[in-house]
Structure formats: C-alpha cells, structure tokens
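For reference, the structure discussed in these notes is given below.
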Amino acid sequence: MKCPECRREQTVTKAFRADNLSLECDIITKMGKEEDIPRALFWDTDPARLDLQENKEYIIERTLELGDDKAVRWLFSIYPRSDIEKVLATSRRISRKSANYWSLVLKK
C-alpha cells in the first residue's frame, strides 16, 4: 500500500484522530528495506538494526559526511529535503567542510 503522505510503498495503518477528524499515516514498518541502506557507510553498525525513523539523524549525518553519489541519492529518496536541511542545520557531527558544501548545494 502507498502512504498517502509520502507516496512510498510501505505497510501503513490509518489512525483516526478525533481532535480534527482527519486520518493520519501511521507507519508500522520501516520505510525502506535494510538491504537498501548503504552498508559501506555503516561499517560499525548492523544495518538490520537501524530503524529509518528512529535513527534518522544518525543516518542523515553519516550519509552527508561520508556518502558517495549513490548513497546521497538514496538518502534523498528516503527522507524529505526539510528533514535533511534540519539535521544539517543542527548537527554537530557533520564537519564544517561538509556542512558548508551541503548548505551551498541545498540552496539551489
């Protein structure tokens, strides 16, 4: 089933929100598959244990700092640009050099 918010193929449930009578996408599984995670970037972590939502900041930081073109394309296919920009603006784990580069790239 496709998520109505992000349009990604995933298993979702619909949760009724009584406060504004709307439906909300409640993701109950990972948005991607663990085999999609660039393993070379996470040599110190078991990719099967990475949750794409819970470990979002870690994954974004590591990919922006160490990722190649393929890994960065994967990152942008998984997370919205706003999430990536937020992590870039607040992270202390991304080097100044990488942060400056990505700030210039994302302003276009």
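Worth pointing out:
- Considering residues of region 95-108 that are over 13 Å from VAL72 (Cβ atoms) and not polar (S, T, N, Q) only, the residue surrounded by the fewest Cβ atoms within 10 Å (Cβ to Cβ): LYS108
- First in region 75-91 and closer than 22 Å to ALA40 by Cα, second anywhere and of a type in the set (Asp, Glu), Cβ under 6 Å, 6 or more apart: VAL87/GLU57; SER91/GLU61
- Selection from region 66-93 of residues that are surrounded by 16 or more Cβ atoms within 10 Å (Cβ to Cβ), in a helix (DSSP H, G or I) and within 8 Å of the chain's Cα centre (by Cα): LEU75, ILE78, ILE84
- From the options THR13, THR45, THR29, residue that is of a type in the set (Ser, Thr, Tyr) and modelled with pLDDT of 85 or more: THR45
- Search result, residues across region 94-108 that are assigned to a helix (DSSP H, G or I) and not hydrophobic (A, V, I, L, M, F, W, C): ARG96, LYS97, SER98, ASN100, TYR101, SER103
The values are calculated or read from the model by the stated rules, or taken from the named source; none is laboratory data. Small disclaimer: the values here were computed from a predicted structure and weren't measured. Reconstructed Cβ throughout: ideal geometry from the backbone, glycine too, with neighbour counts over all protein chains shown.
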